[in-house]
1. Kindly rank 221-227, 78-84 from highest to lowest mean number of other beta carbons found within 10 Å of each residue.
2. For a test of the definition: using alpha carbon positions, the gyration tensor, and the 1.5 limit on a/c, classify the stretch 178-244 as rounded, prolate or oblate.
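A short reminder: the numbers here are calculations on the coordinates, not readings from a lab. These numbers were taken from a predicted model, which means no experiment stands behind them. All Cβ positions, glycine included, derive from the backbone under ideal geometry; neighbour counts span all protein chains shown.
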Amino acid sequence: MKIRNLFLKQIFFWAFLFISSSMLAQNVTVSGSVTGADSGEPLPGVSIVEKGTQNGTTTNMEGEYSISVPEDAVLTFSFVGYNTQEIPVEGRSTVNVQLQQKMEELEEVVVIGYGVQKKSDKTGAVAQVTADELSGGVVTDPIQTMQGKSAGVLISKKGGDPNAGFAVQIRGASGFDSDTQPLYVVDGVPGVDPTTVAPEDIESFNILKDAASTAIYGARGSNGVVIINTKSGESGEMQIQLNVKVSA
């Protein structure tokens, strides 16, 4: 009986040793380097994690790493600004990875006052009139060119004097004799007289209507702000444009 028990113990011992060694043999040490696909430069701080577990590591300053995982493991490589990749080990001991930069579309924004907001959120508060949309004809005042081009902006002649300028109401009149003229900003310079700008030189008008949009201009923007951007030179061949207007 003692011999039989001893024999069984030896069998269990060798079986346990065989199973343990088999389990250890299934793990492999995977090493390699991680670089950027666009530049080829090593990426330090890349996170490498065995998928489905908390077993992981990071790349060193040379973009190199080493991790012990099962032969059938899947490694997940992730880094800020790059697309995450999942690569099966398949028993390999060396896995080099090139991460692709993550390309994301930015939503169109409008810079207002002291911050930035989505253009979709500022549709009713900011209006833009480009040069192609400006009213044509014989005009002497650039403000006349945006007449009827922006909702909520009333442009009318001052009194009966044909030589008088145009009155612009962005927020509506607060009184019969109150000054409703907005603040004009020409190429970043506030307080410029718009009549000093030739209509042909104007690239676009940006009309700021609400308090948030005009915050940077303080009390001067209480009646709204009209930002005038003039045309600038462009590289390339010289072009000559002739505009001829006739009125009777």
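1. On the way: 221-227: 21.4, 78-84: 14.3.
Those peptides, ordered most packed to least, come out 221-227, 78-84.
2. Details: a/c = 3.27, a/b = 2.22, b/c = 1.47.
Verdict is prolate for the stretch 178-244.
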